[in-house]
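In what follows, a structure is listed as structure tokens, so that the remarks can point back to it.
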């Protein structure tokens, strides 16, 4: 009788064990999910699409040709360049660079492909130079190596304050805040690669899918004010050298993280989610975050960088900072 009871209990427990085992398997990444990152990252390395390579000459200050720049002083056009302006149609109508074309961010790659010249010099203009970083990352990953961000966006083009989206966002709010410190960087953590699903197995196809995903992601940035209030809620990475990290201060607990690269598995320092990247102006970090999102990381850029947190220190240290007016060029309006 005892033996029969034992068999009965085993029979009752087996389905529960099987169900429990199935639940655990569902929660864990599948081999395909963990392999997707490897397929994509290997393809990107083979195509010279690692971040340090893409960062080479990715932004340009549109100064006058006479000063070694790209802007024609007679009509303030930009000869030999294709200029894509990704601001709203309404703001484009108020004023834009002569000869520029208004393009939606989501369509930036398609518009570039229509040029039928992968060597074309493409300048992308947005409001502040931050969203343009996403556009230029998409273009460079799509085979347009000469695409560049117009530094500080259209805010820097004219001395008309109507176009200035920068000045109202610089501040010294971090100065004296207990969450803004000058301590040494914690050691970088070591994490696994991100996991995500795709129906493709080809690196080029996966890259195209992930670029479109990145361009469609509108929640790619956060306010420095929100981060300053609760830095412990995030995994924060300061995209500066160790010397800059110590000189200008940083969020409490933020890692000093330069370079970010696929070489040597350096990207394992990033966490599974809630990664924030910041720099001086939010322009480099927006470009970097776009690359990380293509690889499947949950990452966001801190808007306006340290210009929005400790602006005066950057001015005094002659580090990258905003000032108005930046240039005083003429512009066209739509009729």
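Values in this text are rule-based calculations from the coordinates and carry no lab data. Worth saying up front: this structure is predicted, and the values here are computed from it rather than measured. Cβ placement follows ideal geometry from the backbone for every residue including glycine, while neighbour counts extend to all protein chains displayed.
Rounded to the nearest 10 degrees, the angle from helix 31-46 to the longest Cα principal axis of the chain is 30 degrees. Taken as Cα centroids, the range 76-152 and the range 176-216 sit 24 Å apart, rounded to the nearest whole angstrom.
Relative contact order of the chain: what whole-number percent is it, with Cα pairs under 8 angstrom and at least 6 residues apart? Could you put the intermediate results ahead of the total?
Working: 591 pairs, mean separation 74.0, N = 335.
With pairs under 8 Å counted, the relative contact order is 22 percent.
For the range 180-316, the relative contact order is 33 percent, taking Cα pairs closer than 8 Å that sit 6 or more residues apart in sequence and dividing their mean separation by the residue count. Helix content alone sets the calculated 222 nm mean residue ellipticity of the chain: runs of n ≥ 4 DSSP H residues at -39500 (n - 2.57) each, divided across all residues, give -10000 deg cm²/dmol.
Build a GNM of the chain with springs between Cα atoms under 10 Å apart, and of 288, 128, 182 the one that fluctuates most is 182.
For the chain, the longest principal axis of the Cα atoms and the long axis of helix 131-141 meet at an angle of about 70 degrees.
Over the range 77-167, what relative contact order in percent results from Cα pairs under 8 Å that are six or more residues apart? Kindly include the intermediate steps, with their values, before the conclusion.
On the way: 144 pairs, mean separation 24.6, N = 91.
RCO, the range 77-167: 27 percent.
Here the Gaussian network model covers the chain, with springs between Cα atoms less than 10 Å apart; of 83, 71, 162, 162 fluctuates the most. Principal semi-axes of the equivalent ellipsoid, √(5λ) from the alpha carbon gyration tensor of the range 112-170, are 26, 11, 7 Å from largest down. For residue 266 and residue 332, the FRET efficiency from 1/(1 + (r/R0)^6), where r spans their Cβ atoms and R0 equals 41 Å, is about 0.40.
If you take every DSSP beta bridge fully contained in the chain, what fraction is antiparallel? Give it as a percent rounded to 5. Spell out each step's value before the answer.
On the way: 3 of 27 bridges.
Restricted to the chain, the bridges split so that about 10 percent are antiparallel.
The angle between the Cα long axis of helix 2-27 and the longest principal axis of the Cα atoms of the chain comes to about 10 degrees, rounded to the nearest 10.
Can you give the Rg to Rh ratio for the range 161-300, taking only C-alpha atoms and Rh from Kirkwood?
On the way: Rg = 16.3 Å, Rh = 16.4 Å.
When Rh is taken as the Kirkwood radius, the ratio is 0.99.
Remark: spin-label model distance residue 298-residue 226 equals 1.4 nm, labels positioned 7 Å along the Cα→Cβ axis. Annotation: extensible slack from residue 216 through residue 47 equals 58.5 nm (criterion: 0.36 nm per residue apart, minus Cα-Cα distance).
Viscosity 1.306 mPa s, temperature 10 °C: give me the Stokes-Einstein translational D for the chain in µm²/s, with Rh taken as the Kirkwood radius over C-alpha pairs.
Working: Rh = 21.8 Å.
Stokes-Einstein gives a translational diffusion coefficient of 73 µm²/s.
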